[in-house]
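The values are calculated or read from the model by the stated rules, or taken from the named source; none is laboratory data. Computed from a predicted model, the values in this text were never measured in an experiment. Methodologically, a virtual Cβ is constructed for each residue, glycine included, from the backbone with ideal geometry; neighbour enumeration extends over all protein chains shown. These area figures cover heavy atoms from the full protein model, side chains too; ligands, DNA and RNA do not enter into them. Shrake-Rupley method; radii C 1.70, N 1.55, O 1.52, S 1.80 Å.
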Amino acid sequence: VLKGELQLDSLKQKGAVKRTLFFDYHQSHHYFSIVIERQKQLHCQDFLVYLKDETEFRDKLSPININFNYSLDESGFEDNLTVKPILNYYQKSSLAEQAYILVDCGEDNLCIPDLHLSAMPDTDQLIIGEENFVMLIINPRNDGEGAYEAELHIKIPPEADYTGVERNNKALRVLSCDYKMENETRMVVCDLGNPMVAGANFSTGIRFSVQHFENADFSISFELQIKSSNKINPTSNLVHLHINISAMAQVQIRGVSHPPTIILPLHNWEPKDEPTKEEEVGPLVEHIYELHNIGPSAINNTVLHVGWPVSSREEFLLYILHIQTHGPLHCQTSSPINTMQIKFAVPQDTPELAAFLYNSTISHYIRRRDVSVAEPHRRNSAKILNCTNVKCVLISCTVGQLERGKSAALKIRSRLWAQTFLERKNDLYSLSSNVSFKVKSMPYKVQPEKLPEGSIAIKTSVIWSTPNVSFEIPLWVIILAILLGLLVLALLTLALWKCGFFDRARPPQDDMADRQQLTNNKTTDA
């Protein structure tokens, strides 16, 4: 008695799909006994096996290996045997045969494909900070015989992520694709058919999201190739796609004066030679500047300069009390501020600053009082005081990284030194602060050809007006005026009546009767 072992598709490793199974057992492995009778040279035993449906496996080209092993069944030996039988040591105890799946590859059953691949992206440039989505339009083609287990392999750059297959374009075929890692290489593998038949030629779209630009160079690259299990010409040409990367940011500088206009003289205010409190200096003037990154790319290493008109001929103009910042902003001045040690209160919250940062309208107002504002033509003749003709304090700021939509703001709290302007009565002035910025770099390897920069001027006007004098009219004066008016009207009416102005000329009664009779006669005749 021999022990037989029969293995189907033995080249497929454990866990792989076995393409053939025993019909009676639905297994690829079978153990059985073989009884060899004496003097009988040949023993035959048949087994029925079947090939699985082609949708259940992909490998149609490699041979189906069949292994047979046999050995003596020593369990049936009698214990009293002096010499136990053995197998011929010089004869093989195993046998291997191969079977091939018949495919449409001609008489030699050998398929030789001719694979070609072309591809192009739907954009030629990516801007850092934008929602960058890329679709690769890919055209695989087979000009030869069938390509089995044909797959499209796309090597993804580290900046990109696979998002899916284009399904909304009827001209593009929808493929089945999977994301894979092969030796730490990120891949997208798409099934092109098993086989990818001769003459196949179609287009497909594969979508990617590109967002990770921290270490990106000037372009990103995709690598594409068709691979098959054919032994001859198994791959297509290798395609490299390059998409350029650029950085671009639109940066806006804007500012406001709060209030925009100061009207002199000040109500219930008297100047002091040596003021100690901020209210004794003059009216409050605040300038707010905002550096806003519209995007799409981020900026960093930006410098911001403010030229502030502080004095002229040793007389103060706009006296700085406090500088407040919002966001990644650090500032220093070219000379000390508040040298007079004026006491001031630092506000805990600044609603006008918050309103400005959130694009709200800042209510610039002056408390109502009865004044007549200076004539427009006089405003136009106001003398401009800026860093070209008066002494300025330079405020230098460094701005940290600003992402898309983020801002940094600077608020300068000052007081108009009223004594300086009251000594020049009726002279109109326009105090102008100059603000400029320049972006030094962006936080990427890629830098634009020209970095953003700009400047603006924020003005605070000083005008003069004379208060209107309001007289209180007594009640008896009003009553007396009304009575006098009625008396004059009565006298005028009496004079006109005496002159016969109200008399009217009436026609005689006889003439009226004759006319009426004549009218009646004419009506009768008609």
Report task. Kindly indicate which of V462, V446, V488 is within 30 Å of P260 (Cβ to Cβ), surrounded by 10 or more Cβ atoms within 10 Å (Cβ to Cβ) and modelled with pLDDT of 75 or more. Result -> V462
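Restricted to region 192-213, and to residues that are of a type outside the set (G, A, S) and in a strand (DSSP E or B), which residue is surrounded by the fewest Cβ atoms within 10 Å (Cβ to Cβ)? Before you say what the answer is, go through the steps one by one.
Step one: filter region 192-213 for residues of a type outside the set (G, A, S), giving 192, 194-197, 201-202, 204, 206-208, 210-213.
Going one step further and asking which of them are in a strand (DSSP E or B), we end up with 192, 196, 201, 204, 206-208, 210.
Numbers: L192: 23, M196: 25, N201: 10, T204: 22, I206: 24, R207: 16, F208: 24, V210: 22.
Ranking the qualifying residues of region 192-213, first place goes to N201.
Among the candidates N301, N268, single out the residue that is open to solvent by 50 Å² or more (accessible area, probe 1.4 Å) and either within 30 Å of S441 (Cβ to Cβ) or touching a Lys or Arg at 6+ places or on another chain (Cβ under 7 Å) (or both). Step through it out loud before you land on a result.
On the way: N268 fails: either within 30 Å of S441 (Cβ to Cβ) or touching a Lys or Arg at 6+ places or on another chain (Cβ under 7 Å) (or both).
From the options N301, N268, the qualifying one is N301.
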Query - Residue ranges of strands (runs of 3 or more DSSP E) in region 256-329 with at least 1 members farther than 23 Å from V435 by Cα and touching a Gly at 6+ places or on another chain (Cβ under 9 Å) - result: 284-296
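Would you say Y31 is in a strand (DSSP E or B) and either among the hydroxyl-bearing types (S, T, Y) or surrounded by 10 or more Cβ atoms within 10 Å (Cβ to Cβ) (or both)?
Numbers: in a strand (DSSP E or B): yes; either among the hydroxyl-bearing types (S, T, Y) or surrounded by 10 or more Cβ atoms within 10 Å (Cβ to Cβ) (or both): yes.
Spelling it out, Y31 is indeed in a strand (DSSP E or B) and either among the hydroxyl-bearing types (S, T, Y) or surrounded by 10 or more Cβ atoms within 10 Å (Cβ to Cβ) (or both).
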Query raised in the report: Among the candidates L410, L402, L394, L385, which residue alone is assigned by the TED database to the domain that holds P265 and over 40 Å from the mean Cα position of the chain (by Cα)?
Result: L385
Query raised in the report: With (1) in a loop (DSSP other than H, G, I, E, B); (2) buried (at least 16 other Cβ atoms within 10 Å of the Cβ) as the list, and I36 as the residue in question, which single condition is left unmet?
Result: (2)
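Among the candidates E223, E214, which residue alone is under 26 Å from M442 (Cα atoms) and of a type in the set (D, E)?
Working: E223 fails: under 26 Å from M442 (Cα atoms).
One residue alone meets the criteria, E214.
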**Report entry** Tabulated pairs, region 383-406, first acidic (D, E), second part of a strand (DSSP E or B), C-beta under 9 angstrom, 6+ apart or interchain
**Finding:** E403/N293; E403/G295; E403/I299
Requested in this report: For E290, indicate whether it is in the same structural domain as K425 (by the TED database) and open to solvent by less than 10 Å² (accessible area, probe 1.4 Å).
Outcome: yes
Requested in this report: Check region 179-189 and report whether any residue there is open to solvent by less than 70 Å² (accessible area, probe 1.4 Å), of a type outside the set (S, T, Y) and either in contact (Cβ under 8 Å) with a residue 40 or more places away in the chain or not in a strand (DSSP E or B) (or both).
Outcome: no
